[in-house]
Amino acid sequence: MVQQAKKSLRAQMKRRLAGLEAQELRDRSRAAAERLCGLSAFERASAVMLFLPLPNEIDARPIALRAWQEGKTVTVPLVNFEQRHMIPVEIRSLTEPMTTDGHGIKRPAGACPVPVDLIDLVIVPGLVFDTQGHRLGRGGGFYDRFLAQPGFGGATCGFALDEQVVDSVPTHGLDVPIHCLVTDRRTLCFNGGV
């Protein structure tokens, strides 16, 4: 029942996001990034993990630019689909060589892993978020496993467009809630805030 509800919600949101114009997506991504960079959790962080956008996804790269300006370490997830896990790897530029895996995820070539316990803030993608701190990703559970590992103690912040927020997302016991959510129009804090 929960799985079917999640599948339906994912499909609905993918259709909605596919209808956005590229310029609108860029403008709204910048607005959300500006809002996120004003969070105290971002200001305090020495190392930030963010994601490189998939097509029709909010773009977190402006956050990377701001983080580098402030002398922060920036990491992105290196996803291993066979072992079903991801590790943070450092990137130092948005122009460094990247490859794209079979799932459309960009991965830096030859990047160095960063220990998970050094990451102060993870900017979490998702298709749908709710007003209680739950999220619905793309269905692989990679972020839930990453955030639940014993070595991670940083803050978590969802990053999305405002129409990706609904009243309630179907959840089960393995879903890890986030501390806050930033969209192009608002910031919501829950689960201890940031």
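The values are calculated or read from the model by the stated rules, or taken from the named source; none is laboratory data. As the structure is a computational prediction, the values presented were derived from the model and not from experiment. As a convention, Cβ positions derive from the backbone with ideal geometry for all residues, glycine included, and neighbour counts pool all protein chains shown.
What to note about this one:
- Qualifying residue in the range 185-193 (condition: in contact (Cβ under 8 Å) with a residue 60 or more places away in the chain, surrounded by 19 or more Cβ atoms within 10 Å (Cβ to Cβ) and in contact with a strand residue (DSSP E or B) (Cβ under 8 Å, 6 or more places away or on another chain)): no
- Scanning the range 81-99 for residues that are within 18 Å of the chain's Cα centre (by Cα) and more than 26 Å from Glu43 (Cβ to Cβ), we see that the one that is modelled with the highest pLDDT is His85.
- Condition met for His85 (surrounded by fewer than 21 Cβ atoms within 10 Å (Cβ to Cβ) and under 17 Å from Val176 (Cβ atoms)): yes
- Residue that is nearest to Pro77 (Cα to Cα) [pool: residues in the range 143-175 that are β-branched (Val, Ile, Thr) and crowded, with 21+ Cβ neighbours inside 10 Å]: Thr156
- Set side by side, the residues Ala67, Ala47, Ala31 differ, and just one is under 26 Å from Val169 (Cα atoms) and at pLDDT 95 or above, which is Ala31.
- Among the residues of the range 16-25, not a single one is in contact with a Ser or Thr (Cβ under 7 Å, 6 or more places away or on another chain), more than 24 Å from Pro97 (Cβ to Cβ) and among the hydrophobic types (A, V, I, L, M, F, W, C).
- Considering residues of the range 21-40 that are part of a loop (DSSP other than H, G, I, E, B) and without any contact (Cβ under 8 Å) to a residue 60 or more places away in the chain only, the residue surrounded by the fewest Cβ atoms within 10 Å (Cβ to Cβ): Glu21
- Identity of the residue in the range 118-142, under 21 Å from Leu78 (Cα atoms) and among the charged types (D, E, K, R), that ends up surrounded by the most Cβ atoms within 10 Å (Cβ to Cβ): Arg135
- For the range 106-139, the candidate set comprises residues that are free of Cβ contacts under 8 Å to residues at least 40 places away in the same chain and in a strand (DSSP E or B); within that set, the residue that is farthest from Val166 (Cα to Cα) is Pro113.
- Failed item in (1) surrounded by 15 or more Cβ atoms within 10 Å (Cβ to Cβ); (2) modelled with pLDDT under 95; (3) within 16 Å of the chain's Cα centre (by Cα); (4) not charged (D, E, K, R), with Pro108 passing the rest: (3)
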